[in-house]
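Here the structure is laid out as structure tokens; the discussion comes afterwards.
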């Protein structure tokens, strides 16, 4: 053992034994993953569990049998135990456009895989590409733990960006969808038919909004309550304009008023809001361009104006000498 420790210290520096222990722990941890993944469940235990389930849960399990079984084995590790946290991450993934049953598990698995993979990559870079004798402890932590932390945070950053882009797309396309829906309703179509037609027409320009309308039409065809369907759409979209639109439709249905009149007024308001948002962005543009203009315009201008004078003064000084 002393010989091995001396070899590690000679090869990897004073922290060689610690580095070797970390590498071995990571190696055996990754080696154990395929073993647990390929382990089959006891048929007798599986039969007892299926018999203990109620009839409704049995049917739901049969319908969900096509999902990833390997991820089911790691359900306890890839899903939060807190119901509020699980509901929050599910809603965030829905707002990002990921509606799969295993979306939460894939999200946490991506965090784990990217974090561990980049951590191992950072450790390898520190061991084989750098001189450990000339790096401090702070630099070692930065090279090893920095990539791992970046890999762990990358899925969260990606989902946040997807949510913002999707909300912006829905917000931009919603006034056009309302105008088209108003035309369909005034032409004699029902609310359900107009939603289906709008989903088909706006798919080329606003696919995220088209997916939401299409999902609403499928849920209505399945017999789900219209108010619940519209409220679910509002929660999935996460846009204030859609929430107000759902409120208008629910109130119109509750009090028996004309949907066409309500849509006409609300569509005009949405168009005005879109124009106001465009004007707001246009008014912010000069302020944002000020710093850029100063950085890329003033220095070349000074070089052009002052450069010839500086060259002339230098030449006159050389002639005087």
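Throughout, read-outs are computed from the coordinates displayed, never taken from laboratory work. Computed from a prediction, not measured in an experiment: that's the story for all the values here.
Remark on segment 84-183: Rg and Dmax equal 20.3, 74 Å (Cα only).
Note on residue 204 and residue 172: the extension gain reaches 10.1 nm, defined as 0.36 nm multiplied by sequence separation minus the Cα-Cα distance. What is segment 167-275 by shape, rounded, prolate or oblate, if you read a ≥ b ≥ c off the alpha carbon gyration tensor as root eigenvalues and call it rounded for a/c under 1.5, prolate for a/b larger than b/c, and oblate otherwise? It comes out rounded by the Cα gyration axes. Cα-based radius of gyration for segment 151-199, normalised by 2.2 N^0.38 Å, reads 1.71. Stokes-Einstein, applied to the Kirkwood radius of segment 265-305 over Cα pairs at a viscosity of 1.567 mPa s and 4 °C, places its translational diffusion at 102 µm² s⁻¹.
When Rg and the Kirkwood Rh are both derived from Cα coordinates, the Rg/Rh ratio for segment 218-314 amounts to 1.48.
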